[in-house]
Amino acid sequence: MDLCPISAPVSEPPATALLVLADGTVLRGEAFGATGTAIGEVVFNTGMTGYQEVMTDPSYSGQLVTFTYPELGNTGVNSVDQEADQPHVRGVIARHISPSVSNWRAEGDLPQWLTSHGVVGIHGVDTRALVRHLRDGGAINGAISSDGTPAATLLERVRSAPSMAGLNLAEQVSTGQPYHWTKPCAAAFDARHQSQPATPYKVVAIDFGIKRAILERLVAHGCEVTVLPAASSLEQVLACGPEGVFLSNGPGDPAAVHGGIALAKGLLLQPNLPVFGICLGHQILGLALGGTTFKLGYGHRGLNHPCGSPGQVEITSQNHGFALEPSSLDADLVTITHLNLNDRTVAALAMREQPVFGVQYHPEASPGPHDADHHFSRFVDLMAQRR
């Protein structure tokens, strides 16, 4: 039987998209995700995996994230890996989007997921050249547009957009109401189980942009967590009767989170109360201790940043654009316990006379290595000693 050739349907050309930077750089590529225009700070993430965790991390609020790994979407998306109910990135920049999904955990594909959440994306651009440009010139405001807006109009809008410096984004992404979290990790393959105390430790977590995986790790280490909004007062925190207080990660300029800094100052006056801060929470602790912060050129965003204390190196997951100025910290009050071994910035600190410490990286490792999970045990040990 002869097979008669059939004419293939005429395919439409791929939708075009523009990436316009505030310095006048224009890159052209193909659109994916939602149709529209998104303006934010253009940054890059060097991780080879975990794109869904990155996109749903509230710490990326207000940013257009460039992924240095050349392909996204090959493992699809699922409900377990989300760090929040929806993406917090404003836009996504990629070299290539996989045309197919191949993973046993996948519940959908990346482009449709982004479309459903209204996130604009561009792919088909030279992300290596873009990252080199950002490394040389620093993170910069930009726009991704797939709705036909002219480049000149986009440039005008980008140049009038506010800088990340001075922005308090923590209260924008924080929960509006307190809630309790007692659920461990939903991923059956995460075997990092810890011994549980007879009575869980009562932890109050201040939500500056907290990730679900952090809450899951606290529960795995024997805590029951009450999550409070970023704008909570000291009285509201103490009314929960915490055995320890956790200051979460989050987006924006730490020096602009005035309420969080004031809260941290009040917590430091409570006798023998364990306090643990990560990322933005770590910076807020430093500011409450009289330190200052500064904006990094292009930030630390990836899964392989080496951080060290004497005789020990941890490979860490990081996402931040600001850092503590080490010379601003009072050496009589604070010890700098870890440094980022790439650029010698402050990676962790601890108070000398109080059970208070902070780490600049994300010890819950979602995504990322598990080297730093012991910091949760350290927090629990401080609460056990107090109990």
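Checked across segment 41-49, the condition of being assigned to a helix (DSSP H, G or I) and in contact (Cβ under 8 Å) with a residue 60 or more places away in the chain holds for no residue.
Count of segment 3-27 residues, restricted to those that are in a strand (DSSP E or B) and modelled with pLDDT of 95 or more, is 7. Checking the stated criteria, ALA165 turns out not to satisfy the condition of being modelled with pLDDT under 95, closer than 19 Å to ASP57 by Cβ and either assigned by TED's automatic domain parsing to the domain that holds LEU27 or outside any helix (DSSP H, G or I) (or both). Exactly one residue among SER116, SER146 is under 22 Å from THR35 (Cα atoms), free of Cβ contacts under 8 Å to residues at least 24 places away in the same chain and in the same structural domain as GLU30 (by TED's automatic domain parsing), and that residue is SER116. Whether any residue in segment 187-207 is within 27 Å of MET164 (Cβ to Cβ), surrounded by fewer than 20 Cβ atoms within 10 Å (Cβ to Cβ) and touching an Asp or Glu at 6+ places or on another chain (Cβ under 8 Å) is what I want to check. So far as segment 187-207 goes, no, none of its residues is within 27 Å of MET164 (Cβ to Cβ), surrounded by fewer than 20 Cβ atoms within 10 Å (Cβ to Cβ) and touching an Asp or Glu at 6+ places or on another chain (Cβ under 8 Å). Of the strands (runs of 3 or more DSSP E) lying entirely inside segment 279-345, those containing at least 2 residues that are more than 18 Å from LEU169 (Cβ to Cβ) and in contact (Cβ under 8 Å) with a residue 60 or more places away in the chain are 293-309.
The values are calculated or read from the model by the stated rules, or taken from the named source; none is laboratory data. As the structure is a prediction and not an experimental result, all values here were calculated from the model. Every residue, glycine as well, gets a Cβ built from its backbone with ideal geometry; the counts of neighbours run over all protein chains shown.
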